[in-house]
Amino acid sequence: MKYLMFVCTDPEPDTDPAPEPDIHAWVATNDGAGRRLHGNKLAPVSTATTVRVRNGQTLITDGPFAETKEVIVGFDLLECADLDEAIEVARTHPMARFGRMEIRPFADTET
């Protein structure tokens, strides 16, 4: 099953003094196991552009859609057996300690 995992900042990061996990090791482990199909960091939120169409008019706004303290800073496309495996992959991501991970399954387009 495929999941999109958003990597987000969080205003309340973990305060555990343990060493920060190595992102390169996490990527290598999950790429090697076939659980991570693709992923990347995103450019800063200041580079975002929001596009909407209202009453036939294209509206373009500099910046993200929502003004929040949390920001999506990256993503990973996961292939996992089930949600439990996706949660384990997210739990071990280094940003899980300093940010938050949002996991979403892809919608069933067969119906």
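Quick notes
- Neighbours by Cβ (under 7 Å, 6+ apart or cross-chain): first from region 17-46, exposed (fewer than 14 other Cβ atoms within 10 Å of the Cβ); second of a type in the set (D, E, K, R): Gly34/Glu79; Leu37/Glu79
- Residue within region 82-91 that is of a type in the set (Val, Ile, Thr), in contact with a Phe, Trp or Tyr (Cβ under 9 Å, 6 or more places away or on another chain) and at pLDDT 95 or above present: yes
- In region 48-60, the residues that are free of Cβ contacts under 8 Å to residues at least 12 places away in the same chain, surrounded by 10 or more Cβ atoms within 10 Å (Cβ to Cβ) and of a type outside the set (D, E, K, R): Leu59
- Here region 86-108 is the region considered, the condition is being touching a Cys at 6+ places or on another chain (Cβ under 6 Å) and open to solvent by less than 70 Å² (accessible area, probe 1.4 Å), and the residue that is nearest to Pro11 (Cα to Cα) is Gly99.
- Within the span defined as region 61-78, one or more residues are open to solvent by less than 60 Å² (accessible area, probe 1.4 Å), of a type in the set (A, V, I, L, M) and under 18 Å from Met1 (Cβ atoms).
The values are calculated or read from the model by the stated rules, or taken from the named source; none is laboratory data. This structure is a prediction, so every number in the text was calculated from the model and none was measured. Neighbour counts are summed over all protein chains in view; Cβ atoms, including those assigned to glycine, are modelled from backbone coordinates with ideal geometry. Heavy atoms of the whole protein, side chains included, go into the accessibility calculation; ligands, DNA and RNA do not. Shrake-Rupley method; radii C 1.70, N 1.55, O 1.52, S 1.80 Å.
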